[in-house]
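Heads up: the structure comes next, in C-alpha cells.
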Amino acid sequence: MRLNSPSRRRRGIVGAVATVATAAAVAASAIFISAPVAAAEPGAQPAPAAATAGTAQWLTGYWHNFDNKSVTMRVSEIPKAYNLVAIAFAENLAGTPGGVKFDVASAELGGYTNAQFKADVAAVRAEGRKVVLSVGGEKGNVIVSNATEAKNFADTVYATMQEFGFDGVDIDLEHGINAQYMTSALRQLSAKVGPSLILTMAPQTIDYQATSMGYYQLTLNVKDILTVTNTQYYNSGAMLGADGKVYSQGSVDFLTALSVIKLEMGLRPDQVGIGVPAVPKAAGGGYQPIANVVKAVDCLEKGINCGSFKPAKQYGKIGGVMTWSVNWDKTNNFELANVIGQRLGSGSGTPGPTEPTDGTTDGTTTDPGTTDPTDGTTDGTTDGTTDPGSVNCVSPAWSSSKVYTGGNKVSHNGSEYTAKWWTQGDTPGTNAVWNLVGACDPGTGPTDPGTTDPGTTEPTGTTCAPAWVAGSAYVGGATVSYQGSDYKARWWTQGETPGSATWGAWQLVAACS
C-alpha cells in the first residue's frame with residue numbers, strides 16, 4: 001500500500017463535471033495524481049492547544065504510516081489541535097478476505113517501533129483526543145462484499161483496535177463499496193465495541209452526487225452509530241451543489257453547496273465535516289486558502305462569509321474539518337492546525353455530546369420545523385386544534401421498535417408517511433427520514449378545521465403522470481408519479497426514488513389519483 005507519491009493515495013476525477021450524469025459517467029475514469037515534492041520547513045512547531053473547553057469540534061488529521069517525501073513524524077509530534085487522528089492506513093490481511101492488519105512501517109519511519117507507536121497513541125488518548133485506524137486510501141482495496149468478509153472485517157478491526165489502542169475506524173475505501181455488507185460489518189463492530197466506538201468516513205465528492213451511490217446508502221444505514229463523515233472536497237473537478245448548480249473545486253461555494261447535500265440528507269450537523277488538503281502539494285487539485293475553509297464553516301453554521309451560494313438556514317455547529325494530512329501540515333509550520341484549530345476549539349479535547357433537547361449542536365433548544373405541541377404538524381404554527389389521529393389509515397401504524405427501509409409506508413397521528421432510507425425510532429413528522437404522503441381518510445372522525453398545513457400538498461384529484469421506473473433515465477423537466485404523487489425532475493437522474501431526498505433530483509408537484 002505504501003507509495004512514494006507525495007500526494008495522498010487518492011483517485012482524482014478527471015476534468016470538470018457539468019452534470020450528475022457526467023459525474024457518474026466519469027467516476028470510473030480516474031487517475032492517480034502526484035505533485036512535486038516539498039521539503040519540511042525548518043523549525044516547525046506544533047500548534048498551541050485551543051482554549052475554550054466544552055465548545056470543541058473535530059479537527060481530523062491523517063498521519064502517514066509511510067514516507068512519501070513530505071515529512072515523516074511520530075504520533076507524539078501531532079499538535080493538540082488535532083483532536084481526532086486517523087492512522088493511514090490499514091492493509092489487507094493475507095488469507096482472510098475482508099480482513100485488515102496494521103504494523104508500523106518502522107524502516108520508513110526511522111526505526112519507529114510498534115511499542116513506541118502504542119505508547120504514543122495511549123498518550124494522545126490520555127489527553128482526551130481520539131485515534132482511529134483508517135481503512136482504504138488510494139491503494140487500500142479492502143473488499144467487503146459478502147457475509148463472511150463482513151465478519152472478517154469486524155473481527156480483525158476489533159482485534160487491531162485492542163492491540164494498538166485505537167478508538168475506532170475510518171472508512172476511506174475508494175474502489176467501490178458494498179453498502180449492504182459494509183453496513184453489516186460496521187454494526188458487528190459496533191456491537192463488539194459498544195457506544196464508545198468512533199466511526200468516521202472520508203468519501204469523495206462523487207459519492208454524494210446521487211442517492212444510488214454506495215457511500216450515500218452506507219452513510220444513512222449507519223447514521224445512528226456514525227461520528228462524522230468528512231468528504232474530500234478536492235481532486236474532483238466541478239460538481240453539483242445542493243441547489244443543482246455546478247460549482248468548481250477550490251472555492252467557498254464548493255465547500256458549502258456540497259456540504260448542504262449531506263446536511264439535508266438526514267444527518268445531524270455534527271456528523272458533517274469538510275475535508276481539505278493542508279497545502280497545495282497535498283492534492284492534485286482543489287486546494288484553497290485556509291481562510292476560505294473558515295469562511296465555509298461560518299457560512300454553514302451562521303450564514304455569514306458565504307460566497308454566491310447561501311444555505312437556506314443556519315445549521316449551527318457542524319462536525320468540523322478534516323485534512324490530508326498532519327504530515328503535509330507540518331511542512332507549512334502547522335498553519336492549518338493553528339488557524340482551523342482555533343476556529344473549532346479543537347485543542348480543548350473531544351467534542352461533547354449533542355444537546356439533549358433536540359439532538360443538534362446549534363445552541364438552541366427547539367429548532368424551527370419541530371413538531372407543534374398542539375396539532376402534531378411541522379408547519380411552525382399553532383392552530384389550536386387537535387389532529388384526528390390514525391383514522392381510516394391504510395398503511396400499518398408506525399412502531400418505534402421496528403426497522404424500516406426506504407419506500408416503506410406507515411401511518412402516524414392521522415397521516416401517512418414514506419421512509420426515505422433505513423430508520424428505526426425516528427418519529428414520522430419530526431424527522432427528515434419520513435416523507436409526508438398526506439392525511440389519512442378521516443371517515444366519520446373529527447377533522448382539523450385548519451385544513452392542510454402550509455408547505456404540504458392538498459390532494460388535487462388530478463390524473464397521475466406515468467409511473468416512475470427505477471431503471472429509466474429522466475432529464476430535467478420530466479414528470480412522473482410515485483405512490484400517489486406527481487414529481488418533476490430538476491435535472492438528469494436515474495435510480496433516485498422520488499421523494500427520497502430533500503435536495504434530490506425530484507420536486508414534489510402535487511398529489512394525484
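The values are calculated or read from the model by the stated rules, or taken from the named source; none is laboratory data. Bear in mind the structure is a predicted one, so any value in this text is a computation, not a measurement. Neighbour counts run over all protein chains shown; Cβ positions are idealised from the backbone, glycine included. Note: areas computed on protein heavy atoms with side chains; ligands, DNA, RNA excluded. Shrake-Rupley method; radii C 1.70, N 1.55, O 1.52, S 1.80 Å.
Quick notes
- Violating pairs (Cα-Cα greater than 24 angstrom) within the set Lys223/Lys313; Lys192/Lys420; Lys245/Lys330; Lys223/Lys317: Lys192/Lys420; Lys245/Lys330
- Spherically averaged projected area of segment 199-283 from its Cα convex hull (nm²): 5.3 nm²
- Here segment 108-219 is treated as an ellipsoid with the same Cα gyration tensor; its semi-axes, largest first and in whole Å, are 26, 16, 14.
- Ranked by the mean number of other Cβ atoms within 10 Å per residue, highest first, peptides 70-81, 165-176 order as 165-176, 70-81.
- Pair Ala291, Thr148: separation of 7 Å Cα→Cβ label points (nm): 5.7 nm
- Under 18 Å from the Asp243 label point (7 Å along Cα→beta-carbon), backbone N, segment 289-328: 295-315
- Solvent-accessible heavy-atom area per residue, rounded to whole Å², over segment 91-146 at 1.4 Å: 41 Å²
- Burial order of peptide ranges 216-226, 186-196 (average beta-carbon count within 10 Å, highest first): 216-226, 186-196
- Amide proton proximity set for Gly275, modelled H, under 5 Å, gap of 5+: Thr231, Tyr233, Met322
- Extension reserve of the Gln507-Ser399 stretch, reckoned as 0.36 nm per residue once the Cα distance is removed: 36.0 nm
- The stretch between Gln494 and Lys313, if pulled fully straight at 0.36 nm per residue, gains 62.3 nm over its current Cα-Cα span.
- Each residue of segment 462-469 is assigned a 3J(HN,Hα), and the resulting list reads 6, 6, 5, 5, x, 5, 5, 10 Hz, derived from the Karplus form 6.51 cos²θ - 1.76 cosθ + 1.60 (θ = phi - 60°), x at Gly and Pro.
- Estimated inter-spin distance, Thr462 and Glu335, nm [label 7 Å along Cα→Cβ]: 5.4 nm
- Karplus-derived HN-Hα couplings along segment 315-331 (A = 6.51, B = -1.76, C = 1.60, θ = phi - 60°), whole Hz, x at Gly and Pro: 8, x, 4, 8, x, x, 9, 10, 9, 9, 7, 4, 4, 5, 4, 5, 5
- Heavy-atom surface of segment 211-328, accessible at 1.4 Å and reported per residue (Å²): 26 Å²
- Over segment 63-173, relative contact order from alpha-carbon pairs under 8 Å, at least 6 apart, %: 32 percent
- Report note on the peptides 340-349, 245-254: ranked by the mean count of other C-beta atoms within 10 Å, highest first, their order is 340-349, 245-254.
- If the convex hull is drawn through the Cα atoms of segment 129-286, its volume per residue in Å³: 115 Å³
- Of all accessible heavy-atom area on segment 145-252, the percent that carbon and sulfur account for (1.4 Å): 49 percent
- Amide hydrogen neighbours beyond the local backbone of Asn413, cut-off 5 Å, H modeled: Ser390
- Cα-projected label distance for Ala191 with Ala107, points at 7 Å along beta-carbon direction, nm: 4.0 nm
- One chain, two ends: Ser472 and Ala159. Fully extended at 0.36 nm per residue, the span grows by 108.2 nm beyond their Cα-Cα distance.
- Cα centroid separation, segment 298-312 to segment 110-171 (Å): 36 Å
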